[in-house]
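The values are calculated or read from the model by the stated rules, or taken from the named source; none is laboratory data. Just so we're clear, the structure is a prediction, and the values are computed from it rather than from any experiment. Cβ placement follows ideal geometry from the backbone for every residue including glycine, while neighbour counts extend to all protein chains displayed.
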């Protein structure tokens, strides 16, 4: 499932509760399109063209890819890294100095699961047979950014969620 979320500051938008946000695997930031991209969008969506949708994958192929990702082997140290990264977002947990300083709420176990699944997929997409720690780091921002809540100090100091994630990875 894909969904869009407008900035909370816009009229008529309401933030989803953390329990609902946690169901999404990734939170991917999309900026405004370039001028030319926007011209193309407007042209393609305001004409009376009848577009023909072409099937790219069958349902069976999608399910097969889902199973393929889950069958990718992963070393214990990479799984452990993903879990430690998730736990480091939790204020009060061992090794969570950054979380204690800047976070009100951290990521739950589903984040660890999605870090591993995302790392497996990232490895496959990059021609690797098994993910490594760099694959976990590659998906950390979109997996974690909607699962952690900044505290007042982080907001006052201008620390973004992505800044905090980057510090946790470093």
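General observations
- Per the conditions (1) buried (at least 18 other Cβ atoms within 10 Å of the Cβ); (2) closer than 21 Å to residue 87 by Cβ, the sole criterion not satisfied by residue 123 is (2).
- Of all residues making up region 68-90, the number that are in a loop (DSSP other than H, G, I, E, B) and in contact (Cβ under 8 Å) with a residue 40 or more places away in the chain: 6
- Conditions (1) at pLDDT 95 or above; (2) outside any helix (DSSP H, G or I); number of the one not met by residue 94: (1)
- Residues located in region 29-52, provided they are under 30 Å from residue 143 (Cβ atoms) and either surrounded by 10 or more Cβ atoms within 10 Å (Cβ to Cβ) or over 28 Å from the mean Cα position of the chain (by Cα) (or both): 33, 37, 38, 41
- Some residue of region 150-158 being free of Cβ contacts under 8 Å to residues at least 60 places away in the same chain, under 25 Å from residue 69 (Cβ atoms) and crowded, with 16+ Cβ neighbours inside 10 Å: no
- Residue in region 132-152 that is in a helix (DSSP H, G or I), farther than 19 Å from residue 26 by Cα and out of contact with any strand residue (DSSP E or B) (no Cβ under 6 Å at 6 or more places or on another chain) present: yes
- Residue 136 vs. criteria closer than 14 Å to residue 165 by Cα and buried (at least 22 other Cβ atoms within 10 Å of the Cβ): yes
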